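Participant: One structure, pasted below without further comment.
Every number here is computed from the coordinates shown, using simple stated rules; none is lab data. The structure presented is a predicted model; accordingly, all values stated were derived computationally and were not measured. Note that each Cβ is placed from the backbone with ideal geometry, even for glycine, and that neighbours are counted across all protein chains shown.
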Amino acid sequence: MLDTMKRGIIPIAGGILAVVALIMGWYLVAVLAALVLALGVYDWTQERWTITRNFPVAGRIRWLFYQLRPYLRVYIVEDDLNGKPYSFEARNLVHSRARNETDTHPFGTERDVDAEEYHWVGHSIAPEPEPDTSPRVMVGSDQCSKPYSASLLNISAMSFGALSANAVKALNIGAKKGGFYHDSGEGGLSSHHLEHGGDMVWELGSGYFGARDKDGHFDPELFRHNASHDAVKMTEIKLSQGAKPGHGGLLPAAKVTEEIAKIRNVPVHQDCLSPRGHSAFSTPIEMLEFAAHMRDLSGGKPVGLKFCVGQPHEPFAIIKAILKTGITPDFIVVDGGEGGTGAAPLELSDWVGMPLSEGLVLMRNALVGAGLKGKIRLAASGKVYSGMGLARNIAQGADWCNAARAFMFSIGCIQAQRCHLGTCPTGVTAQDQWRQRGLIPEVQGERAARFHAKTLEALSEIIASAGLKHPSQLEAHHLMHRVGPEKAVPMDRVHTFLPEGILLDAPEETIFADWWNAASAESFRPVIDLVSTRATKSKEEAKQ
């Protein structure tokens with residue numbers, strides 16, 4: 001009888017337990033689902049993080065791998081220093097500074113200090129106790145009636161269209177809070193650039209967006225109207241950019257919304273291509289006359305040139321035109337071939353255009369050699385994100401630096417490299433309203449300002465360690481560069497740095513003699529055959 005009862009109770013008990021387990025299982029599933037739903041609602045409504053706001057819950061997976069990265073990177077991802085185009089270390093430095101997290105590093109450098117590309121700033125045993133922590137530079141020649149005091153780090157040219165409205169707003173809020181300027185890019189001035197009151201540099205490319213007539217030519221009165229805006233502090237003629245010199249600009253059709261088409265005065269939902277060259281001028285002299293006209297139309301605000309250095313005789317042609325006409329641009333921005341873009345042919349990005357270091361030094365030599373460096377300011381743009389990057393460029397001749405992608409990182413960019421497709425997950429480069437909602441301008445603008453401040457703070461630390469008070473005191477000899485396993489030399493022995501005025505007094509004594517002789521104020525084309533000139537010199541040297 002007892003055995004019979006046991007045989008009956010056991011199955012019943014087992015069934016009850018199975019039902020309880022099933023109920024508990026569904027209960028746990030329900031609890032987990034509720035937690036996930038609650039997390040999703042929180043992510044959807046929070047304003048701090050762009051990825052999780054646009055991709056609730058799923059964005060947490062990226063966060064998880066981000067936290068585990070120090071343990072997993074050796075096996076499944078690149079190391080901290082070798083990621084392209086920006087390493088994890090670079091992106092993390094910008095993000096940390098923007099979010100007010102620690103940017104200190106434990107256990108020493110991870111860089112290979114024996115590598116030939118390694119360089120460093122020579123410090124002083126007598127460091128400067130009170131370096132300038134907010135250094136600025138005055139821009140404006142004697143032909144300018146409204147000079148501008150510029151920060152040493154500013155937002156480089158990025159158009160509305162290439163960037164989303166919220167990204168433009170965030171950057172402009174950052175510029176306003178941080179006291180630095182925001183370059184419009186060649187896409188014209190939009191309400192998003194102007195509504196928050198940050199200082200603007202209006203860039204005018206070959207498409208003349210914002211200052212063009214229905215045929216795409218420069219419209220002086222429309223330019224005068226927009227350039228007179230109080231927020232516009234300087235104007236800039238874009239001749240080329242580092243990522244795609246000689247190509248013009250391209251805004252894919254997916255990004256040409258009705259709003260952007262109206263601002264640029266182009267057809268909606270069609271690729272918007274800037275011509276390769278300008279229609280308003282074709283020679284160095286005509287270019288300077290156009291620049292002077294822009295300065296007059298703007299009410300005397302500084303006007304500058306921006307280009308990626310290509311054939312070395314061309315910067316000298318601009319210098320000769322300045323000397324011949326007496327027209328002085330107020331500043332020149334050199335864009336390095338390593339500069340970024342939202343869309344460009346791979347071959348142009350990889351192989352066309354002089355890298356920033358070489359282009360910057362060449363332009364510095366052209367200005368100094370002609371005795372013009374005191375009148376014309378020189379800026380550098382191309383993969384700048386750190387205090388050391390600023391110091392390096394300034395030591396090689398720059399008065400200030402501009403950064404584009406670094407400021408994109410500061411407002412949420414994660415280097416997803418979807419810029420050209422309109423599917424940026426953070427909303428930085430996407431025109432889709434759903435993706436843009438993740439980027440809260442007020443939140444990200446504060447981060448852009450913080451990144452700027454902390455990067456200048458890092459620069460001041462470097463300057464102080466070198467025994468200097470202001471970054472303008474940095475010179476090439478302060479920068480050391482390794483040229484072999486057991487040899488390092490100052491940067492002025494890696495590059496040639498001309499003395500003041502030598503191109504006017506004795507150009508033949510410089511290594512730039514052939515390029516100087518090939519340059520003409522009347523044409524961007526070389527006026528002598530450089531190949532035959534060098535062949536003749538080689539024969540003469542062989543005879544000697």
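Participant: In debye, nearest 20, what is the charge dipole magnitude of the chain about its Cα centre with +1 on Lys and Arg Cβ and -1 on Asp and Glu Cβ, if you could check?
Facilitator: Result for the chain is approximately 1520 debye, rounded to the nearest 20.
Participant: Also, quick follow-up: When a/c is below 1.5 the answer is rounded, else prolate if a/b is larger than b/c, else oblate, so apply that to the range 413-476 with a ≥ b ≥ c taken from the square roots of the Cα gyration tensor eigenvalues.
Facilitator: The shape class here is prolate.
Participant: To the nearest 10 degrees, how steeply does helix 58-76 sit against the main Cα axis of the chain, on a 0 to 90 scale?
Facilitator: 70
Participant: Then there is this: Determine the calculated [θ] at 222 nm for the chain from helices alone, applying -39500 (n - 2.57) to every DSSP H run no shorter than 4 residues and normalising by the residue count; nearest 500 deg cm²/dmol.
Facilitator: Only helices count here, giving -13000 deg cm²/dmol.
Participant: So, R0 is 45 Å and r is the distance between the beta-carbons of residue 224 and residue 45; what FRET efficiency does that work out to, to 0.05?
Facilitator: Efficiency, from the Cβ-Cβ distance: 0.50.
Participant: Which lysines have a Cα lying under 17 Å from the Cα of residue 306, excluding residues fewer than 8 positions away in the same chain?
Facilitator: Within the straight-line limit of under 17 Å, residue 306 reaches these lysines: 233, 238, 244, 373, 375, 383.
Participant: Rounding to the nearest 10 and keeping the result within 0 to 90°, find how far the Cα-based axis of helix 356-369 lies from the longest principal axis of the chain.
Facilitator: On a 0 to 90 degree scale, this one is about 30.
Participant: If I compute Rg and Dmax of the Cα atoms in Å from the structure I just sent, which labelled value in (i) 28.1, 126; (ii) 23.0, 73; (iii) 28.2, 111 lines up?
Facilitator: Computing Rg and Dmax of the Cα atoms in Å and matching it to (i) 28.1, 126; (ii) 23.0, 73; (iii) 28.2, 111 gives (i).
Participant: Same structure again: For 138, 408, what ranking results if the residue with the fewest other Cβ atoms within 10 Å of its Cβ goes first?
Facilitator: 138, 408
Participant: Kindly put 103, 112 in sequence by how many other C-beta atoms sit within 10 Å of each C-beta, fewest to most.
Facilitator: Taking fewest neighbouring Cβ atoms as first place, the list is 112, 103.
Participant: Could you pull out the GluC sites (Glu not before Pro) across the range 106-207 that fall in loop regions by DSSP (anything but H, G, I, E, B) with no more than 14 other Cβ atoms inside 10 Å?
Facilitator: Here the GluC sites (Glu not before Pro) that fit, given the DSSP loop and packing criteria, are 110, 116, 117, 195.
Participant: Once the Cβ-Cβ distance between residue 27 and residue 423 is put in as r, and R0 is 51 Å, what FRET efficiency do you end up with, to the nearest 0.05?
Facilitator: FRET efficiency, residue 27 to residue 423: 0.85.
Participant: Then there is this: Taking other Cβ within 10 Å of each residue's Cβ, how do 52, 429, 325 sort, fewest first?
Facilitator: In order of increasing Cβ crowding within 10 Å: 325, 52, 429.
Participant: Helix 165-178 versus the longest principal axis of the chain: what is the Cα-based angle in degrees, 0 to 90, to the nearest 10?
Facilitator: 70
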